Each structure stands twice: as structure tokens, then as C-alpha cells.
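Below is one structure, written out as C-alpha cells, with a few remarks after it.
The values are calculated or read from the model by the stated rules, or taken from the named source; none is laboratory data. All figures in this text were calculated on a predicted structure; none of them were measured in a lab. Here the Cβ positions follow ideal geometry from the backbone for every residue, glycine too, while neighbour counts run over all protein chains shown.
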Ligand code: HEM
Ligand SMILES: [Cu+2]
Ligand SMILES: [Cu+2]
């Protein structure tokens, strides 16, 4: 064999293995980073199409149908596949290094999150190529326009399924990040010393944690409507208002999810480039933790002022929206105050940070206008709203994050970017941005999402200004791309801490290698770094190990271009850090979703089965990895306040269960809403067999008892009783599913078949009990794994956390049924 | 936690469930009855969380963890139901 | 001739635009103040050539509670004032207790508006109302969600299938016309889902509605 080619093949091979199988946080961070920029590129193309279409009245460049797809996917892609993931990429890279952790708490889950994100994005993009095109009901996907009746075809189904994958990815990620921040801080890294970026990521994750589950529920119901024909959003009893409520319950926290990471970045940049400490750090943190985060969940109906909700609801939510603008006021003034008496160095990161603050001021103040439910009668659904949220989402959020990119680029690549290009990038972006969005504040009477407009409406001039601004803004981004590429390829070597920053990521020994294996407890050794006062340890003279070996990260921008590109071969060290399971789960997700979207064709079902098979294969593999301790996760007790006595995985399970509470809470809430609206409902006992339901309830309650016995047994080291407990649990679960199945079977064969499409009572019944059944089934699979592991002697008095965690899950599923039974059978 | 406690909880869970069905079949329909069935269900949930899921014996931070989602779900449901009509 | 001007401003427009003006005044002042503060700081404390080496001490700062409370007090009083005015402007949404309102039904569907008059007449794309009278529209949809808005009258509300929402207005000038638009994406015809509203005097309206068979305003 030709030695050179063989060598290249090997390099290629290990390059592929690295990026496909990595679970290392910096690698995943870079994957997010680069992928999100690509999605940003797609979203920008759509945006330019929109602006070109609107540059002249009566334009026919895009048909109304294509235009609707463009606005819809532009919104979805920009918010969910570009903006948030860009922040998640930076968070992946820098949160662990900022708190002195070697990796995230659950590295494989982190990788899984990335692959689900990518899978979802690919599905959403694929929608464009389907007959009938992509989703076209706006990023808000208002029902019933998003239903199968009004947006038929596989395209929208792909997009919504892609959204579900994304939402699952984000929910898992938030559990992971919260666990990491709660649990893996280096010794001495107390909350009061924690860097602002990490703080704001923590806040962001708290928002994601309880907001995205509602989106998951809403989308699952929407998918049920689309695929099996239930009536959640197509009947007038649930319908449009139900979707609005669920969507915005997610949607409003989501806008802060987008904003807060940028605030975190700005809060890092400002003090560094002003040569001062962040002013009123405690006020900023307090205002965000106590008001912004909790209250963000309590303002959502301000998006629904003219949907027909009653006056008192409008008043309450208008006031809560006003209250939430107060903490922002404090934060902004503290940001500005940080610069007072400083030595402000107007480097590119600082310019973007200042731009972000300035644009947020305009966006925030116009937000207060929108919180007036009387003014909103006119604003709602017009370009005024478009202007407002672009000022916050693009102005505040994207400017802030771009500042972060410039700020950390020297750390990520070991090289400096071109300052002059950076400045030009900023100036053009700032001008282009304002030219693009400021005119829209004056288009108060032009409705959003108009595919074109008549010449006599008087909107032409403002639209043309906006279009010119859009092209300036887009062209300015060439500066960013240029800087990214040229920095990686040929930027001058960066000093170890070019900005003189004080946070830990600048001092950490940076290499692209995992600092430790996945096997240890993911914490950097007690270097004592943080035992000394913050200032004493700082940067001066830290050897910068980054230089010369670190440009691999930007996704192999060509092996040749990288100075000393030695990272790839060395990466073998991190082999324990590699797992093929996350990417293969991502593949399973893609194939399954393809199958679901194509169910209307004959080959849909086989594809779905294929997806299921890959899923099963992966899960078995994952379980085998665990059985053989191939990627074991430590089960140490927490050491950081306030979680001293808590096992990491148990804390993780509890955090995860909070998301499940919201998933089922919104599903049961939807049921209650429908019940409160629907004129007729079958009397209890007339459809569902109460004795059967009662029996099933008792079966499930008893299965909880057997789990308690199992946990109890292994705590005392009694493996045989553990086995007995687990086996009885499995059997009881199976009995439950059997009875459930026979109930469904009977209902389907009633005289007036009570099937999926038999009306609202059937819709909510099948959906709710079906999702619950799926949870039981998942629990049973885990029981099988636990039984196998017990047989292998895998549990002991000291080591039994998996059993306990399974117990938590199983009891939770039991509790769900405790509510489902009376709600569906007795009331 | 003792096995005895576990069993007592289980007996309560079973009894409460049967009680729910009895209440339903003796006095179907009225709001008050629905309310009492709801309270029974909630009490069962609380017991499972406290004893089976061990929350009673967990450190404070974990105990508090469950409050925000519960509260938010309550707000969501109240808003859903009371935002339409007068 | 202020009186004449006022007389011809529809009440809903009066309410909305004075509220908007109030918000604009406070909003502009706030924006100018804060942005000036920002720009002032950036310019004043910009690092200049030659001063580059100046070492800056980075002492931990205490929370300046007085400043915080002061900021909160100022902002919340401004917010209080504007919100109070919003609450006072609720009449824009709630129909007045008029002795003699004219009720008209509106049905949105992909992609046109149908108006149902008290006499049972249904007209597509054309709304005719008498000048100077309180008109209440009861709005619904037969398919997806639309949003009914009359440009120039500052009124709007969603049209949801199976539900009725209402809005009210009074158009003062006979002879004037307005454009009705849809403000919620409702499919490919969204941008073209317009209707025309014509204001006529009461006598013409009565004559017109009787010619189509019904009694005026019952
Ligand atoms: C002081 C802070 C803010 C206030 C008082 C505020 C208020 C509002 C209100 C009342 C609306 C509803 C308007 C309507 O639909 O008619 C709205 C829309 C919106 N806001 Fe804000 N907002 C604030 C900050 C933000 C931030 C920080 C973001 C994102 C980073 C944001 C993003 C959005 C988006 C995306 C929409 C429109 C969603 C849509 O209809 O598609 N807002 N805002
Ligand atoms: Cu909002
Ligand atoms: Cu429309």
C-alpha cells in the first residue's frame, strides 16, 4: 500500500472518528459553533430573499407560498438553530473551563444533544425539498393553519418533528449544564466567584429547563393531530387559543433564552475592556435570578392581547410585563456604569458589546410600548413588533454573541484576528442593522408576513430603506467570515491572555485534548487555584500551551492550513472519551422522523421501522457499554454548596423530572382547558371501563411498592430480593400494558368505534394515556437492563444508584397515572 | 425508612383509589365530588413523592426543586381556564 | 379650527394616538437619556494614546443601594404613569354603553371577509356603515385564525373559528373610506385578504339597508 495514502487515510479516519464520536466539551462546543454558523447562513439567505421580495410593491420574485415558507423557516432557523446553539457552543467550550471542570457532567448526553440538534435541523431544512414545500405557518406555527388540513404534506411534518428533536436536545442540555454548574465547580470556585458568562448560562438553562417541555408537549399534540388525526388544535374547543397559550408559555421564556447568554458575554467583555470591575455585580445577578428568570414564565399572554382573552387577563399580564422591564433597567445602567472612570479600549469585542447595549435600549423601550394592551391593538401583527424583536434578538443578542466570538477567538484558536477588519465589520453591521430595522418602527400599519404589498399603501420607501440596510448588514458579515477563516489559517500567534482578563478560562492549561478521561469525576485536581484570593492567581505569566497545536478545532478547515496540526494523531489519548452511541441515536432520530413524515406513502412505515431498529440497536449498545463499564459515570457525592450530600445522578434525575412535570402538566392542562370549553362530554363510565381502570391503577401502585422493596433490598446488600423486586416490577408493568392494550382494543371495536379520530374525548384520551404508556414501556426496558445488571452482580450495598434513579422515574410515572385515572375515568 | 411505612403508604394509596371510585359511583357529577376526588389524587401523589421517592429525606435544595415546575403548571392551567369568558 | 378637527377624529383614534404620544414622549426621553449616558461614558473614558500604560486598580465595589433604589423609583413611576394611562384607555377595547349600536357580524375565511348585516344580508369584501353611529363588529372565522384590522381606525381583533370577538368604532365622516386588512398569517392569500369600508350618512344607510330588505339597525 502506498504509505502516504495509507497515512492520509488514517488521518482522515481518526479525524472522522474524532468529530463523529467525540464527547469532549470543547469539541462539541466547536461542532455547535460551526453548525450554528451554517444555519445562520441558511437563515440569512432566506432573509435576503424576503427583503428582495419586499423591495418593490407587487413583486413576483417569490410566490406567496414560497414567501410564507421563507418567513417561517427564517424565523425558526435563526432563533432555534442559529442564535441559541451559537450560545450553547460558546457555553460548551467555556463554561467548564470557567469553573475549572474537565468536562460537562454527562459527556455522552452532551454529544447526544448536539446530534439531535443537527438531526432536527436537517429535517427542518429537508422540508424545503418536499412536494408542497416546508412549514409555512410562521415561526409561531399558529393552529389550525399548521394542521394537516391547512398545511398538508411531509414538509411541515419534518419541520415540526425536527423542532421536537431540537426541543428534546435543549431540555437534555439544560439538565446537563445545570448539573455541571451545581456539581463540578473546582474547589474554591464559589457562586460568588463564578464568572458572569457561566452565571448567565445557568440562568439561560433555568429558562430552557421549564420552557421547552411545553413546546415538546404542544408539538407532540400537533404531530398527533397531523399524523393520526386527533383534534387538539383543529376543534374550536381547544383550537387556536390552546396553541397560542402553550406556544407562548414556551415562547416568552425563549426570548430571554436567546438574550441572556449575550448579556453574559457583555458582562465579561465590559469590565475587561474598561479596566474596571463589573459595577453592581450583585445587583445584576440578583435582578436576573429573582425577577427576570421567574417572571419570564409569567408574562406570556402579552403575545395574545388581541386573541380574545378577557380584559382582566390582559391587565394582569400587562402589569407583569412592565415589572419585568425593571430589572433590565438596573442591568443596563450597571453595564454602562462599569465604563465610568474606566480606560475604555475600543477593540472589536468591546465595540460589539457597546452596540449590543445600545440596541437593547431601543428594543427594551419599544417592548414597554408593546406591553400596553391598548397600544398593542394596533401594533400586534405589524412591522412594529418585527422591529422590536429584531432590536433585541439581532441587536442585543447577536451583537453580544459576535462580541463573544471576537473575545474568545484567540483562546479557541491560539491566534489573533485582524482588528481592522473587525472594526469595519462592526461599523458596517451597526449602520446596516439600523437602516434595516429602524424604518420598520414606522410601518405601524403594515401587517407582518405580507408576501407583497400594493404601491398605494405608502410603504414602499420604508421597505426599500430596510432592504438596502439588509444588504449592507449581510455584506458586513463577510468581515466575520474573513476573520474566522484567516485567524485560523494565518493569524499571528496570540499572547496567552491578550485582553488581561481575570476569568479562569484564560489561565486554564488549554489544549484540545480531554484533560481527563470520561471515567474520573470530571473535576480538575485540587490545584488550589481558587483557594488563594481571585486576584493573586491571575494571568501573569501562565504558560500558554495553546500555541501552535490548537487550530484543529475549526472543524478541520483543511489539514494543510494548520500550523503544527498535531492534534489529530494525538487525539487517540481521548479514546475513552469517544462514543459512537450519540451519533447513532441521532441517525435513528433522522430515519424515524423521515418515516413518520412519509407515512402517507407506502414506504413510510418501513423507514419508520428501520429507524426503530437503529434506535433499538443503539440503546442495546449503550446499555452494554454501561454493563461493561466502558463509559462509566462516577457516582460521587456532591461537594459543592448547596449539594453536598447529593449524588450527582440523583440530582440529574430530579432536574429531569421537573421537565417531565411540565410536559405532563401542559398536557393535562390542555385536557382541562378543552373540558372547560367543550359543550358536550360523555358521562364517566359510559365509554371507559371503570373496573378495568381501577384494576390497572392498583397494578401500577403495587409496582411502585415492588420498586421500593427492590431499592430497600440492595441498600442492605440483598441481591436476591433486589432481583425479585425488579422482576415483579417488570411483570406488573407488563400487566398494566396488557390491560391498557385490551382497553384500547375494545374501544376501537365499539359499535361507534372510539378510535383516534372519534372526536375530542378520544383525542385527549389516546394521546394522554398513550404518552403515559410510552413512559411505562421505557421504564420496563430500563428494568430489563437493571435485571441483567443484577444478574451480572453489578449492584451492591455501595453501588446501587441506578436502581434508585430508576425508582424515582418509575414512581413519577405512577404519579402521572394517579392523576390520569380520575381525570379520564371518573370525572 | 422502614418497610412498615412503605406498606402503610401502599395501603393508603389503594384505599384512596377505591374511595375515589366509590365517591364517583355513589355521587357522580357534581363539582364538589370532583373536587374531593381531586384532593384524594393529590394526597396520593404527595405521599408517593414524599415516601417512595424519598423526598422527605432529601436535602433541602432537592426538596425545593419540585416547587417551581408545580407552581408554573398551576399558573398555566389557571390562565388557560380563566382567560376566556368572563 | 380645533373643534372641527376634533369632531372628525374617530374616538378610537383619539384614544390610541394620545396614548401613543404619551408613550413616545417618555420613551424618547428615556432612550435619549440612557443612550447619551452610554455614549458619554464611551467618549469620556476612551483610552487615549499615551495613557495606555496607566494601571487601573480593580477594587471590589460595594452595591450602591441608593443608586439602585433611585433608579427603580424613577423607572417605576414612569411606568406607573404610562400604565395608568393604558388602563384609562380601556374604552378603546370595550364598547361604550350606546343606546343604539349597530351590530354587524364579520366572518373571516381564506381569504376574504364576509359582513352579515342585521337584516340578514351578507356582503363579501364590502362593509358599509353609517357615519357617527357606534358600530359593533362581532368577528369570527370559519377556518384558520385571521385578525381583523381597520387601518386608520386603530381597532383590531383576532377572528378565531368557533368563537366570537368584538370591537367597536365610530366613523365620523360620511364619504370617507377605510381599508380592512388581515393581520395574522392565514395562508397564501394573507396579503390580499382586504376589504373596503365605506362610511355613508345615516339616511343613505337606512335607504340602502331597506333596499336590501331589512330594518335598519335592529
Ligand atoms: C423590556 C423588555 C421587553 C418587553 C417589555 C417586551 C415586550 C414584548 C411584548 C408585549 C411583545 C408582544 C407584542 C405583540 O406581539 O404584539 C413582544 C414581542 C416580542 N418580543 Fe419582546 N419584550 C421585551 C424584551 C424582549 C427580548 C429581550 C426579546 C428577545 C431577545 C424579545 C423578543 C420578542 C419577540 C421575538 C417578540 C415577537 C414574537 C412574535 O410575535 O413573533 N423581547 N415583546
Ligand atoms: Cu414576550
Ligand atoms: Cu391573514
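In the set (1) more than 13 Å from ligand 1 (Cβ to nearest atom); (2) crowded, with 21+ Cβ neighbours inside 10 Å; (3) part of a loop (DSSP other than H, G, I, E, B), the condition left unmet by residue A:354 is number (3).
When the stretch C:177-187 is limited to residues that are touching a residue at least 60 places away in the same chain (Cβ under 8 Å) and within 16 Å of ligand 1 (Cβ to nearest atom), the one that is surrounded by the most Cβ atoms within 10 Å (Cβ to Cβ) turns out to be C:182.
Test residue A:359 against the criterion of being assigned to a helix (DSSP H, G or I), crowded, with 23+ Cβ neighbours inside 10 Å, assigned by TED's automatic domain parsing to the domain that holds residue A:441 and away from ligand 1 (no atom under 14 Å from the Cβ), and give yes or no.
No.
For (1) over 19 Å from residue A:137 (Cβ atoms); (2) surrounded by fewer than 20 Cβ atoms within 10 Å (Cβ to Cβ), each residue gets a yes or a no:
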position	(1), (2)
C:139	yes, no
C:145	no, no
C:151	yes, no
C:154	yes, no
C:189	no, yes
C:193	no, no
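Entry remark, the stretch A:442-471: residues being touching a residue at least 40 places away in the same chain (Cβ under 8 Å) and surrounded by fewer than 18 Cβ atoms within 10 Å (Cβ to Cβ) number 7 in total. Checking every residue in the stretch B:13-22 against the condition of being in contact with a helix residue (DSSP H, G or I) (Cβ under 6 Å, 6 or more places away or on another chain), within 8 Å of chain A (Cβ to nearest Cβ) and in contact (Cβ under 8 Å) with a residue 40 or more places away in the chain gives zero matches. When only residues in the stretch A:143-154 that are crowded, with 21+ Cβ neighbours inside 10 Å and in contact (Cβ under 8 Å) with a residue 40 or more places away in the chain count, which is farthest from residue A:231 (Cα to Cα)? Among those that are crowded, with 21+ Cβ neighbours inside 10 Å and in contact (Cβ under 8 Å) with a residue 40 or more places away in the chain, it is A:154. Listed by position, the strands (runs of 3 or more DSSP E) enclosed by the stretch C:151-218 that each have at least 2 residues that are more than 16 Å from ligand 3 (Cβ to nearest atom) are C:165-169, C:177-182, C:195-200. Among the residues of the stretch A:374-413, what is the count of those that are outside any helix (DSSP H, G or I) and within 13 Å of ligand 2 (Cβ to nearest atom)? Number satisfying all stated conditions: 1. Only residues that are within 14 Å of another protein chain (Cβ to nearest Cβ) and under 23 Å from residue A:398 (Cβ atoms) were counted in the stretch A:28-68, giving 3. Look at the stretch B:41-67 and say how many of its residues are surrounded by fewer than 18 Cβ atoms within 10 Å (Cβ to Cβ), touching a residue at least 12 places away in the same chain (Cβ under 8 Å) and at the interface with another protein chain (Cβ under 9 Å from one of its Cβ atoms). Matching residues across the stretch B:41-67 total 1.
On the stretch given as the stretch A:289-307, residues that are assigned to a loop (DSSP other than H, G, I, E, B) and more than 11 Å from ligand 1 (Cβ to nearest atom) total 2.
Candidates are the residues of the stretch A:673-697 that are under 33 Å from the mean Cα position of the chain (by Cα) and in contact (Cβ under 8 Å) with a residue 40 or more places away in the chain; the one that is farthest from the other protein chains (Cβ to nearest Cβ) is A:674.
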